[in-house]
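Below is one structure; the comments refer to it alone.
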Amino acid sequence: MDEVRKARREARTQLEGYNRSWAEILSRPPRTSPSTSTALARPISIPYPSVLNSSSSPETPETESTSQAWASHAFFCHAFNLNPYLEPPPPNSPLSPPQPAFSTSGSRESQIRDLTGLRNQLKMEKVRWHEDRLTSVFGAVAAREERAKTVWGVVIDLKRGVDEALELLERG
């Protein structure tokens, strides 16, 4: 149990650093190029969500995109006390890839608190990772990066799952 608490505390620390990086980037005035509006607005690398030292990697991260998707999913889940895992494909579609999912634990109140915290974080992520925001902050090329599109997809899917889980908890 101490190992789980330690991992969650580290994930929370990583989330705080990630949020600080975004706040710092967004607080800088943009540097514009007089020649083109699609030039890199700020020569800064995008802070991608990923868990450092994660022992909970999926069994089959076959591509960089799959690996980034799992890293982003696990990053947000761990930071809000959720347990990320890969959902096996349905029996009628055995060739489909496993899908990232999560489980909750603890009291009903703590589950609602954790899921609500994650939902609030994901609302921020939807703004951060939206193509228009990435273009305005990092330039058009950054907004078209496959990794950025992957994180956007994870944010959208995870928010949908969190909303569904919260709805079930609040009903029941």
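Here's how it looks for V51: its modeled amide H is under 5 Å from those of F75, which are all 5 or more places away or on a different chain. Electrostatic bookkeeping for R113 treats Lys and Arg as +1 and Asp and Glu as -1; over the other residues with beta carbon under 13 Å from its beta carbon, the sum is -1. In summary, the lysines within cross-link reach of K149, defined as a Cα separation below 26 angstrom excluding same-chain residues under 8 places away, comprise K123, K126, K159.
For a quick protection proxy, order the peptides 136-145, 123-132 by their average other-Cβ count within 10 Å, most packed first. Before the final figure, lay out the partial values.
Values: 136-145: 17.0, 123-132: 15.4.
Taking the mean over residues of other Cβ atoms within 10 Å, the ranking is 136-145, 123-132.
Decide, for segment 45-172, between rounded, prolate and oblate: order the square roots of the alpha carbon gyration tensor eigenvalues as a ≥ b ≥ c, take rounded if a/c falls under 1.5, and otherwise choose prolate if a/b is larger than b/c, else oblate.
Numbers: a/c = 1.81, a/b = 1.26, b/c = 1.44.
Verdict is oblate for segment 45-172.
Rounded to the nearest 0.05, the FRET efficiency derived from the C-beta distance between E109 and K6 at R0 = 25 Å is 0.60.
Values in this text are rule-based calculations from the coordinates and carry no lab data. The structure displayed is predicted, hence computed values, not measured ones. All Cβ positions, glycine included, derive from the backbone under ideal geometry; neighbour counts span all protein chains shown.
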